[in-house]
Every structure is written in C-alpha cells, then in structure tokens.
Amino acid sequence: MPNPLHFKNIEENIQQKKELQDKELNRVLGGGVVLGSLILVGGDPGIGKSTLMLQLAIKENLKVLYVSGEESEHQIKMRAERIGIFNDSCHILTETNLESILTHANQVAPEVLIIDSIQTLHSTQIESAAGSVSQVRECTASLLRLAKESHIPTFLIGHITKDGSIAGPKVLEHMVDTVLQFEGDRNYVYRLLRTSKNRFGSTNEIGIYEMSGAGLRAVDNPSEILVTNTDPELSGIAISSTLEGLRPFLIEIQALVSSAAYGTPQRSSTGFDAKRLNMLLAVLEKRCGFKLGAKDVFLNIAGGIKVDDPGVDLAVTMAVLSSNANLPIPPGIAFSAEVGLSGEIRPVNRIDQRIAEVEKLGYKKIIISKNSKGFDTKNYKIEVIQCSKIDQVVKAVFA
Ligand code: TYD
Ligand code: MG
C-alpha cells in the first residue's frame, strides 16, 4: 500500500517533448509532442486529416510508423509523392487488425505512431464489427497502453459524425490526452487546427494551414491572406480584428443589403452565427433607426472562415450599413468591438493584441469601445477611436 507523500518527496515529472518541424502542429500541441501521449485528430471527411498526418510521417526527421486501414499502399505513396518525401525512416503499414498492429509497432519501435483511422481497427478479442463502440473503445485502450508503456506518442485519426462529435463512444475523448479538431470549409483552402483538450498545454492555440497542390502549408500571417479586398470603391466591406484562441488576425466581412424581392426578407449568413446577425439587424432597426426590416441581408466572412468572436459585431454592423447606404468604408479602418442589445459599443478581450495586429498590417485607424481597458494609446502609432454608440461610429467612419 502506498504511503501518503509530502510534495517535496514527489519526483517532478517533467514531460518530455519532441519539437516538430511543423510549427503549427507544435503550437497546438503546446510546444511539441509529449512522449507517450495519445492524441486524437478529428475532422470532417475530406478536410485533410490523412494529409496532415502523412505529412508528419514523411517530413519530420523521425522514425514513424504510419498505419492505414483506409487506403492502399499505392494510394498512400501517390499522396506522399505529391507532398514530397523527405524522411527515409517512415514505415507504411496497411492493416486493420489491432493485434498485428501492436506486433509491428513493437518490432519497428517508431518514434511516432499514426493510426488512420481508429474506426477501421478491430481487435480479435471483441465480437462486434470495426467502428462499433466496443471495438473503438478496446482498440483505443490497447493503443493507450502501448503509448504509455513504450513512450511512443500516438496519433489517432477519428471520424466525425453528422452532429460534429467524434464517432464512437464519448469515452474516446476522455481516454486520450489531447484532442485536435481539423476544421475548414472544403470549398476554400484554409484549415484551422484547434485543440479542444490538452493535458499538456493550453487549449487556446490554433494552427492555420493552407491546402495547396503539394500538401498543407503553414500560414504564418493569416491576416494577409484573409483580407483580400483592395478595391476602395466597394461598399459592404468591413475589416475586423479578431482572435482565434490567442492568435489575433484580421478578417474581411462582406455584406449585401438589397430591397426584398418577395414579401419576407431573406437573411443569410456564412461564417457568422445567423441568430447573432438577426440580433444585430434588430438593434440597428429598433435602437438606431435604420430601416432594414424590408431588406434582404446577406453576410459572408471571406476565406471560408467561421468566427464566433463577439468582437466582430461592430464590423458586421458597419458592413451592413455600408452596403445599405452604398457607401464604401474608407480604406485603412478596422473595427473591434461587441454590439449590445441597446446599440451600445462594448469592449472585447485582449484589445491590445487586436490593435497591434491592425497596426502591424498598416491600417491607420481602429474603432473600439469607449470602455475598452488594458491598453495605452501611447504604445501605438495608429489612431485609436473610442466610441460608445453606433451613430458615433457612423460619424467617425463616413464624416
Ligand atoms: P484527406 O487528407 O484525404 O482528408 P481526410 O483524411 O480528412 O478525409 O484530404 C483530402 C483532400 O485534400 C482531397 O480532396 C485532396 C486534397 N489534397 C490537396 O488539395 N492537396 C494535396 O497535396 C493533397 C495530398 C490532398
Ligand atoms: Mg483520411
């Protein structure tokens, strides 16, 4: 029976991390991959999970065992050639039998093990079919044991069900150390890698990739890519400084407001919560006197990005007003504030980082809430305009 211990007698367990060359993956893992950790990578079909993991297998300078139950060796080789093979010590195994995978893993003794996907594995110990709850649970438990005993960091690719959760039992997410979600709109090239659970680091980090013809490319400066409009004549476009996790970047909001052709006006929103758009439109109508009730309103976030940061409210509002009045927002202005139910401009978190990002990208002005705290205008060359009401913002922008 173990005796109770004083803290000073408990040995420090310093997590050994291996730094990866993939900066984005490093970032979301909290600075590198922890030895013996089990990492689940979830995401919609076709989003790029296999590509991300194969890239890890063939681009890092590590001995990797990549197990695929989804594709043939030929398919994998074709994909690898597309990305470019740099790693001579990558082993490919196409196998779905758990016991055989464990045997190979012990023989190869890789520095990283990748399983594509956990739903294709089956253990002979269990009667039910691959992908069933009991199979997924059993196979994950065995791989967890292998990871902990051999200290091999193991990535499991997991499919996602229609409602967005990782297929299989909920316990899967409890069993693993880290859960990464790969997201994006398949019609666009940007992909976000988010941490939704991490025993070894923060869950605030995100990685940003671009899917190219030769695999995934890390995006160092997302703002430059997400903000594409350079035509100062276009109305309905507003720039917002937003945060994804701890990472600030700028996004371009596009609105189209037109007289409704039919009785009921249409409202549609891509990348921004439709209910929140309706709320902002109601605020503009009821609190600020803009007649939008009979107008169709379409909203889009450029680049296929989804945002749920309330800090983009003000830019959404201004994009709508700009389109409605058919007046372009002068270039060089960005926004970062929440809009409240009475039309008040509310402060948002980490305003200093948001301002700094706007300044870095060469903007001249940023409009934020009068009540914003935690920054000092002396630190910026950019003009920081603080407003408390929508009409003040309208004056500041269009006057
Ligand atoms: P994939 O990694 O197979 O997705 P998942 O494993 O999540 O289902 O990614 C598939 C998509 O990525 C596919 O539509 C082809 C595209 N792709 C590229 O655009 N460039 C590339 O270099 C590669 C390898 C794939
Ligand atoms: Mg795949």
Going residue by residue through the range 134-155, is there one that turns out to be touching a strand residue (DSSP E or B) at 6+ places or on another chain (Cβ under 7 Å) and within 16 Å of ligand 1 (Cβ to nearest atom)? yes
Quick check, is residue 177 crowded, with 18+ Cβ neighbours inside 10 Å, of a type in the set (D, E, K, R) and farther than 18 Å from residue 34 by Cβ? no
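Determine whether residue 272 is in contact (Cβ under 8 Å) with a residue 40 or more places away in the chain, in a strand (DSSP E or B) and either in contact with a Lys or Arg (Cβ under 6 Å, 6 or more places away or on another chain) or more than 23 Å from residue 382 (Cα to Cα) (or both).
No.
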Does the range 178-186 include one or more residues that are aliphatic (A, V, I, L, M), away from ligand 2 (no atom under 16 Å from the Cβ) and part of a loop (DSSP other than H, G, I, E, B)? no
Can you pull out the residues in the range 308-363 that are of a type in the set (S, T, N, Q), in a loop (DSSP other than H, G, I, E, B) and buried (at least 24 other Cβ atoms within 10 Å of the Cβ)? 336
Out of the range 277-307, which residues are exposed (fewer than 15 other Cβ atoms within 10 Å of the Cβ), among the hydrophobic types (A, V, I, L, M, F, W, C) and either part of a loop (DSSP other than H, G, I, E, B) or not assigned by TED's automatic domain parsing to the domain that holds residue 391 (or both)? 294
Check the range 56-63 and report whether any residue there is crowded, with 21+ Cβ neighbours inside 10 Å and within 20 Å of residue 183 (Cα to Cα). yes
Any chance residue 175 is within 16 Å of ligand 1 (Cβ to nearest atom) and touching a helix residue (DSSP H, G or I) at 6+ places or on another chain (Cβ under 9 Å): no
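The values are calculated or read from the model by the stated rules, or taken from the named source; none is laboratory data. This is a predicted model, so every value here is computed, not measured. Here Cβ is always computed from backbone atoms with ideal geometry, including for glycine, and neighbour counts include all displayed protein chains.
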